[in-house]
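The values are calculated or read from the model by the stated rules, or taken from the named source; none is laboratory data. Values in this document were obtained by computation on a predicted structure and should not be read as measured data. Backbone-built Cβ (ideal geometry, glycine too); neighbour counts: all protein chains shown. These accessible areas exclude ligands, DNA and RNA; they are computed on the full protein's heavy atoms, side chains included. Shrake-Rupley method; radii C 1.70, N 1.55, O 1.52, S 1.80 Å.
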Amino acid sequence: YAKALGCEQVVTIAGIPAKGSDEDLLKKTYVSNLKFAATELGKVGVRLMIEPTSTTIRPGTYLQTSAQALSIMEEVNSDNLFLECDVHHMQCMEGDLARNIQTNLDRISHIQIADVPDRNEPGTGEINYDYLLPFLDRIGYDRWVGCEYWPRTTTEESLGWMASYMPQEGG
């Protein structure tokens, strides 16, 4: 489906295991599934990404931090498995956004943003996007930055924050 739709990459989240699940079996199954998916998607030129998610949004979620994701990625050992960096989740679970992103930049295939604590649009919480977005340019991130947030009002009104980051006419 990704190939037919022209998607360059797809993201998967690990989900929430049942209480009492065997940790070793969870990891073994996850790694096996990622090996299969990364191989099959690679055959059609589509990147596979995994996304750590915060326990504030998804209590009990299996994949919670970039360190855990990178460990899983090492075990999968595929050149077609990448990290999706959700800034909201990273801030909730790890903090130190700039350093974490820069350190892992070669494994990050997509960055998406929302503010903390309420997952609203940038500028409504604690993340300093006036620093973070230009920082992404400075460190050479040259892919899309997606927005995955819950607008405090309407979607259209929530896009006002973007004006200061858009090229100005005539300049």
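If His88 meets every condition in (1) in contact (Cβ under 8 Å) with a residue 12 or more places away in the chain; (2) open to solvent by 60 Å² or more (accessible area, probe 1.4 Å) apart from one, which number is that one?
Tallying (1) in contact (Cβ under 8 Å) with a residue 12 or more places away in the chain; (2) open to solvent by 60 Å² or more (accessible area, probe 1.4 Å), His88 fails exactly one: (2).
If I go through the range 25-47 residue by residue, how many of them are under 17 Å from Leu70 (Cα atoms) and not small (Gly, Ala, Ser)?
Here the count works out to 10.
Can you tell me which residues in the range 1-43 are in a loop (DSSP other than H, G, I, E, B), more than 24 Å from Gln112 (Cα to Cα) and among the hydrophobic types (A, V, I, L, M, F, W, C)?
Ala18
Could you list, ordered by first residue, the pairs with Cβ atoms under 8 Å in which the first is in the range 159-171 and farther than 15 Å from Tyr131 by Cα and the second is of a type in the set (D, E, K, R) and modelled with pLDDT of 85 or more, at least 6 apart or interchain?
Leu159/Glu121
Can you tell me which residues in the range 116-147 are farther than 18 Å from Thr103 by Cα and either open to solvent by 80 Å² or more (accessible area, probe 1.4 Å) or touching a Cys at 6+ places or on another chain (Cβ under 7 Å) (or both)?
Within the range 116-147, Val116, Pro117, Asp118, Glu126, Asn128, Asp130, Trp144 meet the criteria.
Among (1) closer than 26 Å to Tyr30 by Cα; (2) among the charged types (D, E, K, R); (3) in contact (Cβ under 8 Å) with a residue 24 or more places away in the chain, where does Glu74 come up short?
Of the numbered conditions (1) closer than 26 Å to Tyr30 by Cα; (2) among the charged types (D, E, K, R); (3) in contact (Cβ under 8 Å) with a residue 24 or more places away in the chain, the odd one out for Glu74 is (3).
Give the range 2-42 a look and list any residue that's on the phi > 0 side of the Ramachandran plot and either open to solvent by 80 Å² or more (accessible area, probe 1.4 Å) or aliphatic (A, V, I, L, M) (or both), or say none.
Gly20
From the list Leu70, Leu63, which residue is aliphatic (A, V, I, L, M), at pLDDT 95 or above and in a helix (DSSP H, G or I)? Reasoning before the result, please.
Numbers: Leu63 fails: in a helix (DSSP H, G or I).
One residue alone meets the criteria, Leu70.
At pLDDT 95 or above and open to solvent by 80 Å² or more (accessible area, probe 1.4 Å): is that true of Arg99 in this structure?
yes
For the range 73-90, what are the residues that are assigned to a helix (DSSP H, G or I) and closer than 20 Å to Arg143 by Cα?
Val87, His88, His89, Met90 - these are the residues of the range 73-90 that are assigned to a helix (DSSP H, G or I) and closer than 20 Å to Arg143 by Cα.
All but one of (1) touching an Asp or Glu at 6+ places or on another chain (Cβ under 9 Å); (2) of a type in the set (S, T, N, Q); (3) in contact (Cβ under 8 Å) with a residue 40 or more places away in the chain hold for Thr124; which doesn't?
Unmet condition: (3).
Condition first: within 16 Å of the chain's Cα centre (by Cα) and not small (Gly, Ala, Ser). Now tell me which residues in the range 130-149 satisfy that.
Leu132, Leu133, Leu136, Tyr141, Asp142, Arg143, Trp144, Val145, Cys147, Glu148, Tyr149, listed by residue number.
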